[in-house]
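Read through the structure below, which is laid out as structure tokens, and then see the notes.
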Amino acid sequence: MRKRRRIMNAMAELCAEQGYEATKIADIVRRASVARKTLYDNFDGKEEVFLATFDTAVGEMFDRIEEVCEAAEDEWVDRVAAGLRAFLGFVAENPAAARTCLIEAMSATPAASARYDEALQRFVALLRRDAPAETGLPDTIEETLIGGVAWILHQQIRRGGAEQALDLTPELLDFLLSPYHGVAKLGP
């Protein structure tokens, strides 16, 4: 398991540095300090390493989010805030994995893109679960909000600011909550 994890960590680091397309098997085995045979004993190839890296990071992210949401107060706002902080904290603590999941996955391979879409839908389901029902808002409000958060983080990571993701908490929380409160902030 340790070698498998080292291979996945190497994939995330290399994708963050040079992108999925430029990353070669030779780069992965060199970075992970494993033999090529070891990589192929654990994975069928580069795409499988990438997908396992993505799945592991997303799984760890969701475990963290669900744990803090369950521990949060009964108020839905507290659960959304706790979940957002956990998500942003994961991004800040794992910038290479965040880049792999939020940037590289969208275009690495068709399977990776599908997994990215599935992960976004999991976030949508979490927000729907905790947000108030019967608001009169469009049925697509949660997709819109999650898509907006993903876009802002995408830009933050591309600028090299994944480690500062937690700094986005106030504005992203306001963005997520304001449609449900009927609050629109206008002006500076």
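In terms of Cα to Cα distance under 20 Å, which aspartates and glutamates are near enough to residue 37, apart from those fewer than 8 places away along the same chain?
Leaving aside aspartates and glutamates fewer than 8 places away in the same chain, those within reach of residue 37 are 27, 47, 48.
Given contacts defined as C-alpha pairs under 8 Å and at least six residues apart, what's the relative contact order of the chain, whole-number percent?
With pairs under 8 Å counted, the relative contact order is 22 percent.
How long is the chain along each principal axis, judged by its Cα atoms, biggest number first, in Å?
The principal-axis extents, from largest down, are 57, 33, 27 Å.
Would you work out which of 19, 71, 146 lies farthest towards the positive end of the dipole of the chain, given +1 charges on the beta-carbon of Lys and Arg and -1 on that of Asp and Glu, about the Cα centre?
19
Packing-wise, with mean Cβ within 10 Å as the measure, how do 6-18, 165-177 rank, highest first?
6-18, 165-177
Please report, in whole Å³, the volume per residue of the convex hull around the C-alpha atoms of region 1-99. Could you put the intermediate results ahead of the total?
Values: hull volume 9.3 nm³, N = 99.
Dividing the Cα hull volume of region 1-99 by its residue count gives 94 Å³.
Angle between the Cα long axis of helix 76-93 and the longest principal axis of the chain, 0 to 90 degrees, nearest 10?
It is inclined by approximately 30 degrees.
Quick check for me: using +1 on Lys/Arg Cβ and -1 on Asp/Glu Cβ, what's the dipole size of region 1-104 about its Cα centre, in debye to the nearest 20? If you can, show how the numbers build up before the last one.
Working: 15 positive and 20 negative charges, 201 e Å.
I would put it at about 960 debye.
Readers should treat all values here as calculations from the given coordinates under stated rules, not as data from a laboratory. Bear in mind the structure is a predicted one, so any value in this text is a computation, not a measurement. Note that we place each Cβ from the backbone using ideal geometry, even for glycine, and neighbour counts take in every protein chain shown.
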